[in-house]
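One structure is given here, and the rest of the page talks about it.
The values are calculated or read from the model by the stated rules, or taken from the named source; none is laboratory data. All figures in this text were calculated on a predicted structure; none of them were measured in a lab. Ideal geometry is used to build each Cβ from the backbone, glycine not excepted, and the neighbour counts take in all protein chains shown. Heavy atoms of the whole protein, side chains included, go into the accessibility calculation; ligands, DNA and RNA do not. Shrake-Rupley method; radii C 1.70, N 1.55, O 1.52, S 1.80 Å.
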Amino acid sequence: MKNVDLVIIGGGPAGMSAAISAFSSGVSDILILERGGELGGILGQCIHNGFGLHKFKEELTGPEYAWRYEEQIEMLKIPYMLNTMVTGITKDKKITAVNSAEGIFEIQTKAIILAMGCRERSKGALNIPGSRPVGVYSAGTVQKYVNLKGYLPGREVVILGSGDIGLIMARRMTLEGAKVRAVCEIMPYSSGLARNVQQCLNDFGIPLKLSHTVVEIHGKSRLTGVTIAKVDENLKPVMDTKEYIPCDTLLLSVGLIPENDLSKDIGIEFDSVTGGPVVDQNRQTTVSGIFACGNVLHVHDLVDYVSDEAEIAGRAAAGYINQKAGTAINIPIKTDGKIRYTVPQRFTECNKTVLYFRTAGVYNNAVVNVRDGDKIICSKKKRKLLPAEMETITLTEEMICSVNSGCLSVELEVAEND
Amino acid sequence: MYDVAIIGAGVVGGQIARELSRYKLSVCILEKEADVATGATRANSGIVHAGFDAKEGTLKARLNVQGSKMMKEVCGDLGVPYINNGSLVIGFGDKDMEQIKALYNRGIVNGVEKLEILSKSQLERIEPNISKNAIGALFAPTGAIVSPYELAIASIGNAMDNGAELKLNFKVNSIKFKGEVYHISSDNESVCARYVVNAAGVHSDYIAGLAGDNSFKITPRKGEYMLLDKVCGHIVSHTIFRTPSEKGKGILVSPTVDGNLILGPTSVDIDDKEDNSTTAEGLDRIRREVCENVENIPLSKVITSFCGLRATGSTGDFIIDIKNRFVNVAGIESPGLTAAPAIAKYVAQILKNNSLELQEKEGFNPKRRPMHYFSMLTTEEKNKLIKENPSYGKIVCRCEMVSEGEIIDAIRTNPKAATVDGVKFRTRSGAGRCQGGFCSPSVVEILARELKTSVLDITKSGGNTNILICKTKGGGLN
Ligand SMILES: Cc1cc2nc3c(=O)[nH]c(=O)nc-3n(C[C@H](O)[C@H](O)[C@H](O)COP(=O)(O)OP(=O)(O)OC[C@H]3O[C@@H](n4cnc5c(N)ncnc54)[C@H](O)[C@@H]3O)c2cc1C
C-alpha cells in the first residue's frame, strides 16, 4: 500500500486548484487521481469563452482556463495519475483505485480532498412518457460528441431545460448548421446565466419557452418529434396547450447533481439542498481530514468561484496535515427558504469568510440579512437575485467570534417579488 | 439446409436452441432485429414465478412449475444472475385472504412446494416496509428473480458455442413448404430447414399465418415499468404482488438481480405490435399503486421507465403444437420466462415424437463463462488479468464500474454485441444511474474500433438508429 499525505480525487479545476494551494501551503506529498485521459475535467469540452473573468480579468475558453492550472501543476511537479478510477474511500482515509498500469491498488492518506465534480440529471429521472428512440441525450454528452469527437448527433434540435450547458449547446449546434427549434424551461425563469440567455439564444433568434415542458417523446427507432405544453403554477402540464415540434434530437439540460457516489457511505453529513457534503469555512466535511470543493460540493455557475473554493480547501487540508487547528467552535448556518442554501453550512473557526448562497426564486430589490438571534450582524442590498447566479456575502472574523445565540441565520428581506 | 430453424431469438427461442444444441443437429436461429433478446424478453419483470397463478391442469401451470424448478441450475450453468428471494402475495381484506387461500390450494395442486400463508405479524417481520394495511400474505419461498435478457443472451451464446448459428436482421416474411423442406426468407436472404420452430413472440400469429396456420391470434398487452436507483434495491427483499383482482395481477414491487427496484407492470391491450411507448397514465398508475402496497418507496429515484408487450394468445393457454414439422410456440405470455427451460425440453420431445432424431453430441458444453465474471473475481485475480490485458483496468462506465476489457469481451463473445444497446444489455455499461450519459461516447468508439468501422456506422439498436449522423464542420477524427 502506498502512503501519501494528501490525495485529491478529481483533476478538474477544483482538484488542480486545491493541489496548487496545498502545495504552496507546505504540503508536497500530494497525488491527484483523475479518471479522464487529461487534467482539466469538464473544461476540456467547454470550448466556448467566458471563463476567468473574475480570476484573470480575461475571457478564456475552458481549455485555456484549465491550462493556466495545468502549467502550474507541471511546474510544481505535483504528481497525478490519469485514467485512474477511484472505486472506494473509507472513513479512515484508505483509497482504492484502478488503472491499466497498476491494476487495483490502495493508498493510505492523511487527508482527502473530494473534487469529483457533478453529473447531469438523466432522461430517466424525468420519466417523460413515450417511446425510447435514438436522439435523446443529456446536453453534456452531446457537447462531448461535438466538441471532443467532432460529430453531430442530429440537425433539428429541441432543448429541454435552460441550464447553462443547454444554452451553450443551443449556440454550438446552431453554429454547426443545426436548427434549434426551441428551448423549453419548466420554470418561469431561466436556470442558466442571463448572459448565456442573451449570447446563446437571443443573439441567434432561438425561442426560449418559459413555463413549458416536454410531455411526450415520439418516434420508434429515431426521434421524430416531441410534444411540448405549457405548465400551470404547480408545474403541471396544461394539456390543451400541447404543441408538436418535429425534431431528431432532444437535448436535456435539466440539472446537475454533485457526484458523491464515492463519498456517500463514509459517514459524511450531506446537505439535501445542494446534494453535496455539509462543510465548514475550510470546506472540511463532518469527517475530519476529508474536504470537498467545486461541483462535488455544490453546483457552481462560474469556474472562477470553483478555483477560489478549492484554494480554501487546499490550504486547509495542508493545515490539517501539519496539525494547525484553529479554535474549535460550532456555529451552524440556517437559511429561510428564500435563501436556498449557503456554503459553508457551518463555522468551526473564527475566520473571515465569504458565504456563498443561492436564492430559491427571482427577487428584486432585496436585502440579505445575517442574523445572530435577534441581532442583524451583516446585511447587503441586492438589486436583482436570480436562482441561476451564485451570490456572496462576507463575514469578518469579529462577526463570527461574537456570535451569541450559537447559530447564524441568513435571510432575505424582500420589498418586491416577481 | 438446417435440421431446425428457430424463428425468434427471445428467451424461448434461445432456450430451445440451447436444448437442441445438445444433439447432433444443425440449428439456425433467425431474428429480425440487430440483436437477440429485444422483445418481451428484454422488458418484463424478471420474476421466476413459483407456479400458483396458472389454472390447474393447463400447459402453462405444468411448464411454469417445471421451469421454476429447473431455473437455478440453468442459470448456474449459463452464468446468469439468479436470486431465490421468494415471493409474497399480500392481502388487504377478507376477500383478499379468501383469494390467497384459493391461490394456495391451486399452488398445491400445481405442485408448488413450501407454500405458506403468513399472518400480518409474520409478514411485517420479513418485510418491514410492507403497507400497514396488509393483513396477511401468501409466501412462496421458491419464487426467484433472474436477469431475463441475460438468460436469453447466454442461452443463445451457449447454443452457438455448441454449434448453432444465429442470423440477425433476418425478418422472416415468407415461408414455403416445398418437397418436404421449409424455405424461409427475408427480403434479402433465404434458408432451408426440415423443421421450423415459431418462437416469434408477439408476432407468432403472423409467422404461423405465413405457414398457412391461422388458428390463433396474438394480442399485444402493454406492461409499463419504472426502474429505481440501486440505493432503493433494499426497500423490499421479496417480490411483492398484490392479490389478483378482476382487473388483473396488479403492480408488483421487487428487487432486481442487479440491485435496483422494479415497479410495474401495467396491463393494457393495444393493437400495434411495435408500440412499446410508456404513457402518462401508465406511469401515474404505477406511482399510485406501489405506494398502496409498500411504504417508503422514493419515487424520485427513478432512473428509467420502459414498456414490454405480452404476447397474449387467443386460447388462454400456451399454444405449443406441431403440424407438418412446423412447431408453434406461441402465446407465451407470463410466466413464459420461468417456463422457458421447460418449454425447451417439451419442444425437443415434440420434435422427437415427430421423427427428428435426437442423438446426443459428444463435447456438448452446458457451461458458459458468466457475463459479469470480471466483477466476481478476487482482487488478486483481477490484477493478474489486468497485467495480461490492461484494458480490464480502464473503467468506461462509472455508474456500474464496467471496464473496457469487459466491453471488448461482449463484442467478441457469442452472441456478439454490435450495438450500443447490445453492449449495455451484456455488460451493464450505460444501465446505471446516468443512463449512458458518461460512457456512451466511449462505447461508440470501442464498437467502431472493434468492428473496424466508422463511429458514424455505430447504432443504438441496428437499422437507422445511428448515434451520430455526420462530422462537424472542422471535426471527425476517423
Ligand atoms: C410486461 C411483461 C411482464 C412479464 N413478466 C414476467 C415474469 O415476471 N416472469 C415470467 O416468467 N414471465 C414474464 N413475462 C413473460 C415473458 O417475458 C415472456 O413469456 C418471454 O420473454 C417470451 O419470450 P419469447 O422468446 O417467446 O418472446 P420475445 O422475447 O418477444 O421474442 C420473440 C422474438 O421473435 C422475433 N421475431 C418476431 N417476428 C419475427 C420475424 N418475422 N422474423 C424474425 N424474427 C422475428 C422478435 O424480434 C423477438 O426477438 C412478462 C412479459 C411481459 C411483456
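Please report, in debye to the nearest 20, how large the charge dipole of region A:324-418 is about its Cα centre when each Lys and Arg carries +1 at its beta carbon and each Asp and Glu carries -1 there.
200
Run the numbers for B:Glu56 and B:Ala102: contour at 0.36 nm per residue of separation, minus the present Cα-Cα distance, in nm.
15.4 nm
In nm², what is the average projected area of the convex hull enclosing the Cα atoms of region B:1-51?
Across all orientations, region B:1-51 yields a mean hull projection of 4.6 nm².
Could you name every residue in region A:141-181 that has 40 Å² or more less accessible surface in the full protein assembly than in its own chain alone (probe 1.4 Å, ligands and nucleic acids excluded)?
When all protein chains are present, A:Thr141, A:Lys144, A:Tyr145, A:Lys149, A:Gly150, A:Tyr151, A:Leu152, A:Arg155, A:Glu176 each give up 40 Å² or more of accessible surface.
List the Cys residues of chain B that have no partner Cys with a C-beta closer than 4.7 Å.
Singleton cysteines: B:Cys28, B:Cys75, B:Cys192, B:Cys232, B:Cys291, B:Cys307, B:Cys399, B:Cys434, B:Cys470.
Could you check what % of the DSSP bridge pairs in the protein assembly as shown are antiparallel, to the nearest 5?
65
Quote to one decimal, in nm, the extra length available between B:Val109 and B:Glu180 on full extension: 0.36 nm per residue of separation minus the C-alpha distance between them.
Answer, rounded to one decimal: 21.3 nm.
Whole angstrom only: what separates the Cα centroid of region A:242-289 from the Cα centroid of region B:49-82?
43
In whole angstrom, how far apart do the alpha carbon centroids of region B:24-45 and region A:33-104 sit?
If we compute the Cα centre of each part, the gap is 44 Å.
Kindly give the semi-axes, whole Å and largest first, of the ellipsoid equivalent to region B:205-278, taking each as the square root of 5 times a Cα gyration tensor eigenvalue.
In descending order, the three semi-axes are 32, 15, 11 Å.
Counting only protein heavy atoms and a 1.4 Å probe, tell me what percentage of the protein assembly as shown's accessible area is made up of carbon and sulfur.
It is 49 percent, rounded to a whole number.
Could I have the simple spin-label model distance between B:Lys132 and A:Gln198, label points 7 Å from Cα toward Cβ, reported in nm to one decimal?
So the two model labels end up 5.5 nm from each other.
Please average, across the residues of B:228-234, the number of beta carbons from any other chain that are within 10 Å of each residue's own beta carbon, and give a whole number.
Mean shielding by partner chains, rounded to a whole number: 1.
Using r as the Cβ-Cβ distance of B:Asn353 and B:Glu189, and R0 as 45 Å, what FRET efficiency do you calculate, to the nearest 0.05?
Approximately 0.90, to the nearest 0.05.
In Å², and per residue, what accessible area does the protein assembly as shown have when probed at 1.4 Å with the other protein chains present?
Per residue, the protein assembly as shown has 39 Å² of solvent-accessible surface.
Quick one: of the DSSP bridges fully inside region A:122-254, what percent are antiparallel, nearest 5?
Counting DSSP beta bridges with both partners in region A:122-254, the antiparallel share is about 40 percent.
For the protein assembly as shown, what does -39500 (n - 2.57) per DSSP helix run (n ≥ 4), summed and divided by total residues, give at 222 nm, in deg cm²/dmol to the nearest 500?
After summing the helix terms and dividing by the residues of the protein assembly as shown, the value is -7500 deg cm²/dmol.
Leaving out ligands, DNA and RNA, calculate the buried accessible area for the pair A and B with a 1.4 Å probe, summed over both sides, in Å² to the nearest 100.
4100
Note down the magnitude of the dipole of chain A about its Cα centre, charges +1 on Lys and Arg C-beta and -1 on Asp and Glu C-beta and zero elsewhere, to the nearest 20 debye.
660
Using a Gaussian network model of chain A whose springs link C-alpha atoms within less than 10 Å, name the residue from A:Ile95, A:Ile333, A:Ile104 with the highest mean-square fluctuation.
Ranking A:Ile95, A:Ile333, A:Ile104 by mean-square fluctuation puts A:Ile104 first.
Quick check: the distance between the Cα centres of region B:211-260 and region A:150-177, to the nearest angstrom?
About 37 Å separates the Cα centre of region B:211-260 from the one of region A:150-177.
Quick check: from the Cα gyration tensor, does chain B come out rounded (a/c under 1.5), prolate or oblate?
Cα axes put chain B in the oblate bin.
DSSP beta bridges in chain B, what fraction antiparallel, as a percent rounded to 5?
Taking every DSSP beta bridge with both residues in chain B, the antiparallel ones total about 75 percent.
So, by mean Cβ neighbours within 10 angstrom, what's the order for B:351-358, B:410-417, B:331-338, B:109-116 with the highest one leading?
Sorting B:351-358, B:410-417, B:331-338, B:109-116 by mean packing, highest first, produces B:331-338, B:410-417, B:109-116, B:351-358.
Using Cα pairs closer than 8 Å and at least 6 residues apart in sequence, work out the relative contact order for region B:11-95, in percent.
Result for region B:11-95 is 16 percent.
Under a crude label model (7 Å from the Cα following the beta-carbon direction), how far is B:Lys323 from B:Asn84 in nanometres?
Going from the B:Lys323 label point to the B:Asn84 one covers 4.2 nm.
So for region A:122-254, considering every pair of alpha-carbon atoms, how many percent are separated by more than 19 Å?
43
Using a 1.4 Å probe on the heavy atoms of the protein chains only, list every residue of region B:384-398 that has 40 Å² or more less accessible area in the complete assembly than in its chain alone.
Buried by 40 Å² or more upon assembly, which counts only protein chains, are B:Ile386, B:Gly393, B:Ile395, B:Arg398.
About the Cα centre of the protein assembly as shown, what is the dipole size in debye to 20, counting +1 per Lys and Arg Cβ and -1 per Asp and Glu Cβ, all else neutral?
1080
Once you have the Kirkwood Rh of region B:373-457 from its Cα pairs, apply Stokes-Einstein at 25 °C and 0.890 mPa s and quote D in µm²/s.
190
Where in region B:333-373 is the amide nitrogen less than 13 Å from a point lying 7 Å along the Cα-to-Cβ axis of B:Lys167?
So the set is empty, nothing qualifies.
So what's the Cα pair-distance distribution over region A:326-418, bin width 10 Å, in %?
Each 10 Å bin holds this share of Cα pairs: 17, 53, 24, 5, 0.
Can you list the cysteines of chain A that have no other Cys Cβ under 4.7 Å away?
A:Cys46, A:Cys118, A:Cys184, A:Cys200, A:Cys247, A:Cys293, A:Cys378, A:Cys407
Let me check against my output: what whole-number percent is the relative contact order of chain A, with C-alpha pairs under 8 Å and at least 6 apart?
Once normalised by length, the contact order is 16 percent.
In region A:253-300, what residues drop by 10 Å² or more of accessible area when the other protein chains are put back, versus the chain on its own? Use 1.4 Å, and skip ligands and nucleic acids.
A:Glu259, A:Asp261, A:Lys264
Say a paramagnetic label sat at a point 7 Å from the Cα of B:Lys452, along Cα to Cβ; which residues of region B:393-429 have their backbone N under 16 Å from it?
B:412
What does the structure give for A:128-137 when I average, per residue, the other chain Cβ atoms found within 10 Å of the residue Cβ?
6
Could you sort out which of B:Lys345/B:Lys416; B:Lys178/B:Lys352; B:Lys114/B:Lys249; B:Lys55/B:Lys367; A:Lys2/A:Lys93 sit more than 24 Å apart by Cα distance in this structure?
Exceeds cut-off: B:Lys345/B:Lys416; B:Lys55/B:Lys367.
Under the Kirkwood approximation applied to all pairs of distinct alpha-carbon atoms, what is the hydrodynamic radius of the protein assembly as shown in Å?
29.6 Å is the Kirkwood radius here.
Take each complete run of DSSP H in chain A, measure how far its Cα atoms stretch along the helix's own axis, and keep only those covering 20 Å or more with mean Kyte-Doolittle hydropathy at least -1.0; list them.
Helices meeting the span and hydropathy rule in chain A are A:303-321.
Straight-line reach only, C-alpha to C-alpha below 17 angstrom: list the lysines that B:Lys176 could link to, leaving out same-chain residues fewer than 8 apart.
Answer for B:Lys176, where 17 Å is the Cα cut-off: B:Lys323, listed by chain and number.
Please enumerate, by chain and number, the aspartates and glutamates with C-alpha under 16 Å from the C-alpha of B:Lys230, excluding those fewer than 8 residues away in the same chain.
B:Lys230 reaches A:Glu259, A:Asp261, A:Asp265, B:Asp258, B:Glu400.
Ignore the peptide's own chain and count Cβ atoms of other chains within 10 Å of each Cβ in B:458-467; give me the average, rounded.
Partner-chain Cβ atoms within 10 Å, mean over residues of B:458-467: 4.
With a cut-off of 8 Å between alpha carbons and a minimum separation of six or more residues, what is the relative contact order of region A:326-418 in percent?
Relative contact order for region A:326-418 comes out at 37 percent.
Using +1 at the Cβ of each Lys and Arg and -1 at the Cβ of each Asp and Glu in chain A, identify which of A:Val146, A:Thr96, A:Ile168 lies farthest towards the dipole's positive end.
Selected residue: A:Val146.
Order these peptides, A:399-412, B:310-323, A:155-168, B:390-403, by their mean beta-carbon neighbour count within 10 angstrom, highest first.
Highest-to-lowest ranking by the protection proxy: A:155-168, B:390-403, B:310-323, A:399-412.
Could you sort the peptides A:376-383, A:340-347, A:35-42, B:101-108 by per-residue average Cβ neighbour count (10 Å cutoff), highest mean leading?
Those peptides, ordered most packed to least, come out A:340-347, A:35-42, B:101-108, A:376-383.
Using label points projected 7 Å from each Cα along Cα→Cβ, tell me how many nm separate A:Lys57 and B:Glu380, to one decimal.
A separation of 6.2 nm, rounded to one decimal place.
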